[in-house]
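Below is one structure, written out as structure tokens, with a few remarks after it.
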Amino acid sequence: MSTLINANPTIYESKASNVRVLRSDDDDDDAFDAIDSQEVFDLIRSISDPEHPLSLEQLNVTQLEHIQVDDDGNRVLVEFTPTIPHCSMATLIGLCIRVRLLRCLPSRFKVDISVRKGTHQSEHAVNKQLNDKERVAAALENSHLLEVVNQCLATANNGLAPSLASPAAA
Amino acid sequence: MDRLISTFILSQTDSQEQADAAINDIVNDVGTSPMKLLLLVQGLGEYLTSEEAFVRSKATALLSTTLATLDQSKVNANAVGVLVDFYCDRLTDQACVPELLKGLLALSKYDKFTGDDCIKACKAVLALVNVQTYQQTARHTVFLFFDQAIRQYLKSMQTLGSEFVFGFIQCLDGEKDPRNLMLAFTLIKEIIQNFDIAQHVEDLFEVTFCYFPITFRPPPDDPYGITADHLKVGLRECLAATPYFAKFALPLLLEKLSSSSGSAKKDSMETIAACAPVYGSSALEPYSEELWNGLRNEIFHATNDDLEQIALNTLQVIATELSVGVSMGSNSDPIEKFLRPILSDCMAQLEKPELKLAKPSGRILKSCAMASDPACTAVTSATIPTLLSQYTSSDQSTRKKALLDVLLDFLDASRTLYGTAGPKETERDNDFITPLLTFKDRFFEIFTNAVLSSNEYNALRLAGIKGLHAMILLREFLSETEISYAVQYFVRIVLEDPDIEMQNEALKSLTSLANIMPSTVGAMALPELFEQLPDTPSEMEIDTVIPRRTPQYILNAVTKIALEPSLFAAVVPQVLEKLGKLARSGSNGNGDGDDGVVDPAYPIALLTSLLDLLRAKAELKHEDLPKYLDYLVPHLLGMCIFPTVTERDGPNVMKSHGILEVVGGITRVIMIHVDTAVQKTFVQAIFNIFVMGNLSVMANYDQNREKVPFTPLSATARESQQNTATLLATVITGCRQETALPVDDLEALTEALVNVAVTTPNAYQRQALSEIVATIVNKYNKGNCLNNFLTTKLIPRLQQTIQDESAVYEAREAALTTYSWLAKALVLSVNSIGYEMAGEMMKLFNVPRMGRVAADGFRIVIGEQADILTKETFAVRRLLYKQRFFNYCTPVLVQGFVGSSSSSSPGPSSSSNEVRHHFLVALSHVLRNIPKPILLTELPPLLPLLVHSLSFPDPELKASTIGTFQSVTKEAKELIAEHLGTLVPLLLQLTLPTGAAATSTPPASGTATPTTVGSTPTLMTGITATTTTSGAGATLNTMKVRVAALQCLGELAKDLPFTALVPYKQQVLKDLERVLDDKKRFVRREAVECRSLWFALSGNVSA
């Protein structure tokens, strides 16, 4: 327990205003719902921190405001904030976000993940690793690392109670 | 007798029946006379003294079994004494001991068994039997015997004193069987309570504590039902049975607390909590520091919430116990000594209250403060001043918020300890008052400021609301003025604050306070809320300058707050007043204008708030419901009916279907909560209005406005009048079975109603009439008195119209709908006529245009309709009616499906496809409504049909079928796994909007490709045929179908074994990638969820 990098981090409340409000055309078969920053935030907010049984949202590592999505231009930019500037877990956290988005976003998107400017002492190195396709692929070849990533992703959900009545209940 | 004895003795072990029969005969024979027992003993003589241990044992078994089965009145007191002596003496014969013990147990249950016999037997067992050398059953018998002895002959046993205690310890030492332990643990408790254990405390403790912590895991098919928890609780009760154990137990329990096993820790903490009140403060005090150290770790570094909560509870129990301790000599109070390190540890953490460990610190202080008045006082005086000054000196809002959370913990603790405000508070001692009272003004100021702060950090303001709310709930805390200030803040937030979370929290507080202090909340909140509701539709549109709450928002608040009877009574007239104004404004004041209709949304919302409140009140079993049947309901009925009899029948909002539905709902919820007598009176009044058309009996009746007679049950009346038939329907469908309808000739009424239902052009009226007819046939067919009428008149009347090919389609459909309702009424009561009707409906599947209506009619027949013929509305619903219907229909449906595909020889034409479609639709309605266990047993033969349903274009059918698959996956793993080869590609197709583009091919792995539908080749060819035809066209998979398919695929990943799924994994992941880009967000969410489940699949068995 005493070997944690940050044993006593600050905890943030998840904001209720960060929840998607249902619109009337959500149920309309023909309406087109664009992928937006809220949707990407919902995908990554509940990923677990590798050190604590807390979510990235609770640690303020991910914030809705730090996600930019351009659905038509097929681009996503996610910036995250390590809890402390010397956090050696930053790369791992970034990798978790990377894998989650690889699995959950359509492949047409080009996804950039980076440490928020000025929040980590070696942000350049971390950013370089996270956006290098081959290094990410190599990291995922490592079965131990993959297991850690999968564990952090095990808590990830998209924050939804089933919003459509399931056909069995209808 | 001798013959029987020898039969038994000589019987081989494998002829158990023979032996049993012999024993039976012997018992019967011995039962005939007391002398026979002597004969039996004499007869056994030679065997009991035999050289062969086996024979002696068998002879003993015979005697013991006889004694156990025999009617004890046949044995006299003398004989019992002799037998006890005999058994005790023979305990030296080791081979016979198990059987001898059984005999002693049997004898100990005899009335003539005396206390002296008991002492004699116990002494003999303790002296002569080395219990742990025998097998489990024998040991079990010993414990059963002791149990019986202590229960029945406690006085005598106590004379044995510590001799028995010591002997018992010997017997128990080394016991391992869970069944024996369960019994032994009860005995230990009995012994501790009833015997002098002073000399053997340590021995008894050791022989008990050696089982701690329990690590027992029951065998997989455990026939005895003993779980680890049973043993844990049993052992815990022993350890907590006497304070003498304290000095031995506490060090060991503390040691186990530092163990690495979560379950051992949990057990230790729970055991400490159970023991603390028994051991007492003087025993706990020496360990107070170690106890805190042990528990601190569990709380600060808790691995899960459950363990943390247990640790907190334990802490609280210890603090409670130490609070009653007396100080020894110059030392401080035990509780102070205990709290000192806790307070310093927690306060150290709270110096940085926004960090992770601050929250558990707050919870620790809360648990301590909840323990007792002295503890609370100590904790409060040691911490609150510091926390308050920290708050004042801090300007960081996250830190302020965290400090408020700690103060909230204190308020909660106080409420638990000192009581909640409310009507029951008089029972409390008035001197017993929370130490927080000293700080009341500061608290009120701080929380008020937090609420009113214009801080962007919402959590701080939310904490302010929670704090004020918690203070109001504290008994004897805030003054009335302070309370009204706080309530006023809540009301302002509900009405004005832009933030949703703040609104919800304030509303939540008002809701909870409304129950405790209805008059305060009512006086301050309700007028303000109603003030915000517009009186006219025009008022709703203007006024964009001052932002106003929507009526929907205000009404939601009213619905939450006004549950309490006096508040509800205040709300009803206000809602009716608003409604009255609206109804008039839309109809030019005289109820006969036509200057545009009011949008019914707002009036419907007004009425829905009343309906929601009434439903919630019914749920809470409020008793003020019936009075609204005399006041609210007639008023609403009048408002709906009067506009339909004016001269011009102009537009009026009260005529809209939406309004009629809600008024019906209000009527129904009250109707089903009043007794038969009240129902009867009300039904009488309603018949007078709707059947006789006599409106003059109604309140607010104005003769001048009734220009047209009121005939809602006529096929030719005004549509607006016909529509009100639904109000009559809600009253009749809500009747109890005992509430007779006020008509002389029920058959004539029913027939008239059916005639109108079939001939009316108004589907809304037809629906109402069909519901009435169905209710009459279901509830009032007592002793099948209507059967004859049904079969000779009503059903032929309907069938004639249905079959009449010259009639217009609408008329035939109308008759068929009413027919379906009638069938439903009869199927529910398991009347055979109902089944025949369902059979007739199935014959219609191949009739053009009628087929689809008949198939959908199955939804009416077997599906649940809201509020119509439900259990809550007193319908006759016989046991297992769904199962019987299933058994009746399914073979016909399956046969019909197969028949209609094979009859068309050149391949499935479009018309035969349509017929088969009807069979599948009807089947899906049946399957959706049968209980799952039946579905599971009947599933295998239906599976090919279900798979087939997935390739029809009908989205409802597909969604329903996917739902069926999803619901059975967990229970029918093997069956579903066999069909994965067909199912997975089909489901993948259904996840795409067009379905046609699926690339799925069967997986490469040859062994896993299942071919199981071989028994029905015709079906398989049918599937291919339809798939190709539908694939070419634009098969549109609606959002509902796509979501269902994804959920079903996810269910497969959750429930089926890895080996079954692995051949499909890559294909599924690949195909789902495209679904991630679905245009609907709901579908994308499900796709993410489903894909994650398939990604997570791995062969590793991980916890």
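Using the crude model of +1 on Lys and Arg Cβ and -1 on Asp and Glu Cβ, and no other charge, please compute the dipole size for chain B relative to its Cα centre, in debye to 20. Spell out each step's value before the answer.
On the way: 97 positive and 122 negative charges, 456 e Å.
Here the size comes out at about 2200 debye.
How far, in degrees from 0 to 90, does helix B:601-619 lean away from the longest principal axis of the Cα atoms of chain B, to the nearest 10?
Rounded to the nearest ten degrees, it is 30.
Just need the relative contact order of chain B here, percent rounded to a whole number, with Cα pairs under 8 Å and 6+ apart.
Values: 1372 pairs, mean separation 39.8, N = 1103.
RCO, chain B: 4 percent.
Over all distinct alpha-carbon pairs, what is the Kirkwood Rh of the range B:619-673 in angstrom? Write out the running numbers ahead of the final one.
Details: mean 1/r = 0.0810 Å⁻¹.
With all distinct Cα pairs of the range B:619-673 included, I get 12.3 Å.
What net charge do the residues around B:Ser108 carry, taking every other residue with its C-beta under 13 Å from that of B:Ser108, with Lys and Arg at +1 and Asp and Glu at -1?
Details: positive: B:Lys102, B:Lys109, B:Lys112, B:Lys120, B:Arg151; negative: B:Asp111, B:Asp116, B:Asp117, B:Asp147.
Combined, the nearby Lys, Arg, Asp and Glu give +1.
Take every Cα-Cα distance within chain B, group them into 20 Å bins from 0 onward, and report for each bin the whole-number percent of pairs it holds.
Here the calculated profile for chain B is 9, 22, 30, 29, 9, 0.
Could you tell me which of the pairs B:Lys508/B:Lys617; B:Lys74/B:Lys155; B:Lys102/B:Lys189 are separated by over 19 angstrom between their Cα atoms in the structure shown?
B:Lys74/B:Lys155; B:Lys102/B:Lys189
Extending each Cα 7 Å along its Cβ direction at B:Ser50 and B:Arg615, get the distance between those two points in nm, one decimal.
7.7 nm
So which lysines pass the test for A:Lys110, namely a Cα distance under 22 Å, with those fewer than 8 places away in the same chain ruled out?
Candidates past the 8-residue exclusion: A:Lys128, A:Lys133, B:Lys1070, B:Lys1079, B:Lys1080.
Taking the Cα-to-Cβ direction at B:Ala198 and at B:Asp373 and moving 7 Å from each Cα, how far apart do the two end points lie in nm?
3.6 nm
Using +1 on the beta carbon of Lys and Arg, -1 on that of Asp and Glu, and nothing else charged, what's the dipole of the range B:433-509 about the Cα centre, debye to 20?
220 debye
Which one, B:Val876, B:Gln199, A:Leu95, projects farthest toward the positive side of the charge dipole computed for the protein assembly as shown from Cβ point charges (K/R +1, D/E -1)?
Value: B:Val876.
Expressed as a fraction of 2.2 N^0.38 Å, the rule-of-thumb size for a compact globular protein of N residues, what is the C-alpha radius of gyration of the range B:254-337? Don't skip to the answer; put the middle values down first.
Values: Rg = 12.8 Å, N = 84, 2.2 N^0.38 = 11.8 Å.
Cα Rg divided by the expected 2.2 N^0.38 Å: 1.08.
Given Cα pairs under 8 Å that are at least 6 residues apart, what percent is the relative contact order of chain A? Present the calculation step by step, with values, prior to reporting the outcome.
Working: 210 pairs, mean separation 40.0, N = 170.
In percent, rounded to a whole number, it is 24.
Computed FRET efficiency, Cβ-Cβ of B:Ala1096 and A:Asp27, R0 22 Å: what is it to the nearest 0.05? Working shown, then result.
On the way: r = 30 Å, r/R0 = 1.34.
Once the sixth-power term is evaluated, E becomes 0.15.
Please report, to two decimal places, log10 I(q)/I(0) for the range B:865-989 at q = 0.11, 0.20 Å⁻¹ as given by the Debye formula with identical point scatterers on the Cα atoms and no solvent.
Debye intensities relative to I(0), on a log10 scale: -0.43, -1.21.
Where does the protein assembly as shown land at 222 nm, in deg cm²/dmol rounded to the nearest 500, when only DSSP H runs of n ≥ 4 count, each adding -39500 (n - 2.57), divided by all residues? Don't jump to the answer; show the numbers that get you there.
Working: 59 runs with 794 residues, N = 1273.
One gets -20000 deg cm²/dmol as the mean residue ellipticity at 222 nm.
At 4 °C and 1.567 mPa s, what whole-number value in µm²/s does Stokes-Einstein give for the translational diffusion of the range A:35-154, with Rh from the Kirkwood sum over Cα pairs? Before the final figure, lay out each step's value.
Working: Rh = 14.2 Å.
Rounded to a whole number, D works out at 91 µm²/s.
Summing Lys, Arg as +1 and Asp, Glu as -1, what charge do residues with Cβ under 12 Å from the Cβ of B:Val827 carry, B:Val827 excluded? Walk me through the intermediate numbers first.
Numbers: positive: B:Lys824, B:Arg877, B:Arg878, B:Lys882, B:Arg884; negative: B:Glu836.
Overall, the nearby charge balance is +4.
Chains B and A: what accessible area do they bury, summed, in square angstrom to the nearest 100, with a 1.4 Å probe?
The summed interface area works out to 3600 Å².
Over 10 Å intervals from 0, what percent of Cα-Cα pairs in the range B:563-742 sits in each interval?
10, 38, 37, 14, 1
Excluding residues fewer than 8 places away in the same chain, name every one of the aspartates and glutamates whose C-alpha is closer than 16 Å to that of B:Lys400.
A:Glu13, B:Glu351, B:Glu354, B:Asp409, B:Glu445, B:Glu456
Once both axes come from the Cα atoms, what is the angle between helix B:246-257 and the longest principal axis of chain B, in degrees from 0 to 90, rounded to 10?
That works out to roughly 50 degrees.
So what's the range B:746-887 giving for Cα Rg divided by 2.2 N^0.38 Å, two decimals?
0.97
Starting from the Cα of B:Phe1058, step 7 Å toward the Cβ, then list every residue of the range A:128-156 with an amide N under 16 Å from that point.
Counting backbone N atoms under 16 Å from the label point, the list is A:143-144, A:146-148, A:150-151.
Compute the semi-axes of the equivalent ellipsoid of the protein assembly as shown, taking the square root of 5 times each eigenvalue of the Cα gyration tensor, and list them largest first in whole Å.
Numbers: eigenvalues 748, 481, 310 Å².
Semi-axes (√(5λ), whole Å): 61, 49, 39.
Given +1 on the Cβ of Lys and Arg, -1 on the Cβ of Asp and Glu, and no further charges, what dipole in debye does the range B:563-742 carry about its Cα centre, rounded to the nearest 20? Before the final figure, lay out each step's value.
Numbers: 15 positive and 19 negative charges, 35 e Å.
Rounded to the nearest 20 debye, it is 180 debye.
For a Förster distance of 22 Å, can you work out the FRET efficiency between the beta-carbons of B:Thr392 and B:Ala523, rounded to the nearest 0.05? Before the final figure, lay out the partial values.
Details: r = 35 Å, r/R0 = 1.58.
The calculated FRET efficiency here is 0.05.
The values are calculated or read from the model by the stated rules, or taken from the named source; none is laboratory data. Computed from a prediction, not measured in an experiment: that's the story for all the values here. Please note: Cβ atoms are built from the backbone with ideal geometry, for glycine as well, and neighbour counts cover all protein chains shown. We work out accessible area using only protein heavy atoms, side chains counted, and drop any ligands, DNA or RNA first. Shrake-Rupley method; radii C 1.70, N 1.55, O 1.52, S 1.80 Å.
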